[in-house]
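Novice: Supplied in structure tokens, the structure appears directly below.
The values are calculated or read from the model by the stated rules, or taken from the named source; none is laboratory data. Just so you know, these numbers come straight off a predicted model, no measurement behind them. Note that each Cβ is placed from the backbone with ideal geometry, even for glycine, and that neighbours are counted across all protein chains shown.
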Amino acid sequence: MNNIRPLTDPSKPKVYIETYGCQMNVNDSEVILSILQDAGYVLTEDIAQADVILANTCSIRDNAEQRIWGRIDQFKLQKRNRQNVIIGIVGCMAERLKDKLLETVDLVAGPDSYRTLPEMLKAVAPDRPQINVLLSHEETYAEISPVRLDRNGVSAFISIMRGCNNVCSYCVVPYTRGAERSRDPHTIVREAETLFANGYKEVTLLGQNVDSYYWKDEENSNRNVNFAQLLEMVAKISPELRVRFSTSHPKDISDEVIYTMAMYENICKHIHLPVQSGSSIMLEKMRRKYNREWYLERVRKIRSVIPDCGITTDVIAGFCGETDQDHQDTLTLMEEVVFDSAFMFAYSERPGTLASRKYPDDITYELKTQRLNEIIALQGRMSLKSNEKEIGRRLKVLVEGPSKKNPEELCGRASSNKMCVFPSRGEKAGDYCEVEVVSATSATLLCKRID
Ligand code: 5AD
Ligand code: SF4
């Protein structure tokens, strides 16, 4: 029995997608939409019109999952009047909580099973929920052209690899996204070229650990491609196309990548380099495979080759057994590096991870919160310090659109990824402007025009 009925538009069933978690998930939703469009579905932004409701989910911290359980309850309200609506949970949480989800929704699909979505949707029936959570060693969705869900038409994300082979002890990703695999570089370059031809001015190459990108050419090993070479291939498409990438791993970021960044003006001078902790003892327990000194050396190397390189990070407060001294080590490292910005989290134990099996989650909620608040407050001061250093500098900004606060002004990012606001002369999203920084807040550089 086919469950996609009755349809509001009999020729085209409508799909509604909500996306949670990282940029990679946003890109996955674009892949899903491409697959579903090819199978005859159309996107709707109105959940009340949807024949299929999908949530592309995240498992990284417990609160991410809790939010999604709440949403599932709301999705189910749609079934009250329209019993044939299909509710599907895809992505990391589908992988992790398949059995529990199957009791409550119609479809559960893990990150490597999106090609089977059309078949699964056809097979769904009230007493026949569908599940596919097989992880793959090969799937990269290489030749699928994602249907862009962003609106600005300027900046797009390209997945260059999937999965993760690191086993950071706190992290659920290797379990939800499986083993690392790199995508054929020619399909990546083609995707970037198509985006540029369609007016896009910036691409961000995405992977859990882009530095371990490696493509083996089956016929000729001289044509193997590492991440530095891939960056160069994409940068050569056009000097007008900016190239960004995320995320770098401090243990793997190579001098070759840093020198390649320095060689091409259009490779943006920004590295997201998650440190997680400033304590070598915590880093060891986290299985990050570097220590404080190694991290600081990488930062010095980056800044010696690219003096104004933006460096941002991720920090976890209150990992298992974290002492006051370990916490202080994180604060002093942040002061030493002066990150431009940071994503900061309280440690959340994830079932199944090495840390959950080996180390008790023994920092109280109150202490985690207190440490996290100290980290956030310090980062606020560091962001301001880093931004004030920019005053008087001249920057090239890619316009994203009107500033939210004042439509007479434009906003856009400098190469370092810092947000700039400056007077408009009628430019539109996708234009480049030359500006000089006049003043700064912790979040924004306020600039005047010099072009
Ligand atoms: N608890 C808290 N933060 C986590 N992260 C990953 N796993 C956890 C966890 N169990 C953070 C890390 C990572 C970012 C994407 O999320 O800082 O870099
Ligand atoms: Fe992305 Fe990690 Fe969340 Fe999965 S668990 S969606 S990989 S942040």
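Novice: From the residues in the range 198-219 that are in a loop (DSSP other than H, G, I, E, B) and among the small types (Gly, Ala, Ser), which one is farthest from SER246 (Cα to Cα)?
Specialist: GLY199
Novice: Now, a different point. Checking TYR259 against (1) more than 16 Å from ligand 1 (Cβ to nearest atom); (2) in a loop (DSSP other than H, G, I, E, B), which single condition isn't satisfied?
Specialist: Going through (1) more than 16 Å from ligand 1 (Cβ to nearest atom); (2) in a loop (DSSP other than H, G, I, E, B) one by one, TYR259 breaks only (2).
Novice: Could you tell me which numbered condition ASN165 fails, if it satisfies all but one of (1) assigned to a loop (DSSP other than H, G, I, E, B); (2) farther than 30 Å from GLN83 by Cβ; (3) more than 16 Å from ligand 2 (Cβ to nearest atom)?
Specialist: The failed condition is (3).
Novice: I'd like to verify a number: residues in the range 72-81 that are within 12 Å of ILE53 (Cα to Cα) and either surrounded by fewer than 16 Cβ atoms within 10 Å (Cβ to Cβ) or among the polar types (S, T, N, Q) (or both), how many?
Specialist: Number of matching residues: 5.
Novice: What residue, of ARG148, ARG115, is of a type in the set (Lys, Arg), outside the structural domain of ARG413 (by TED's automatic domain parsing) and not in a helix (DSSP H, G or I)?
Specialist: Criteria check complete, one pass: ARG148.
Novice: Somewhere in the range 44-53, is a residue crowded, with 19+ Cβ neighbours inside 10 Å, under 17 Å from LEU107 (Cα atoms) and touching a Ser or Thr at 6+ places or on another chain (Cβ under 8 Å)?
Specialist: yes
Novice: Within the range 232-256, how many residues are in a helix (DSSP H, G or I), among the aliphatic types (A, V, I, L, M) and closer than 23 Å to ASP314 by Cα?
Specialist: Going through the range 232-256 one residue at a time, the tally reaches 0.
For every residue, the table says whether it meets (1) within 16 Å of ligand 2 (Cβ to nearest atom); (2) in the same structural domain as ARG413 (by TED's automatic domain parsing); (3) among the acidic types (Asp, Glu); (4) within 25 Å of THR369 (Cβ to Cβ).
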residue	(1), (2), (3), (4)
THR313	yes, no, no, yes
GLY318	no, no, no, yes
THR323	no, no, no, yes
GLU335	no, no, yes, yes
ALA346	yes, no, no, yes
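Novice: Which of the residues that make up the range 61-108 are outside any strand (DSSP E or B), hydrophobic (A, V, I, L, M, F, W, C) and within 16 Å of ligand 2 (Cβ to nearest atom)?
Specialist: Those that are outside any strand (DSSP E or B), hydrophobic (A, V, I, L, M, F, W, C) and within 16 Å of ligand 2 (Cβ to nearest atom): ALA64, ILE68, TRP69, CYS92, MET93, ALA94, LEU97, LEU101.
Novice: Working only within the range 170-185, note down all residues that are crowded, with 19+ Cβ neighbours inside 10 Å, away from ligand 2 (no atom under 12 Å from the Cβ) and of a type outside the set (Lys, Arg).
Specialist: GLU180, SER182, PRO185, listed by residue number.
Novice: I'd like to check which helices (runs of 4 or more DSSP H) are fully inside the range 300-401 and have at least 1 residues that are touching an Asp or Glu at 6+ places or on another chain (Cβ under 9 Å) and touching a residue at least 60 places away in the same chain (Cβ under 8 Å).
Specialist: 354-358, 365-388
Novice: Of the residues that sit in the range 54-66 and are of a type outside the set (A, V, I, L, M, F, W, C) and surrounded by 14 or more Cβ atoms within 10 Å (Cβ to Cβ), which one is farthest from TYR347 (Cα to Cα)?
Specialist: ASN56
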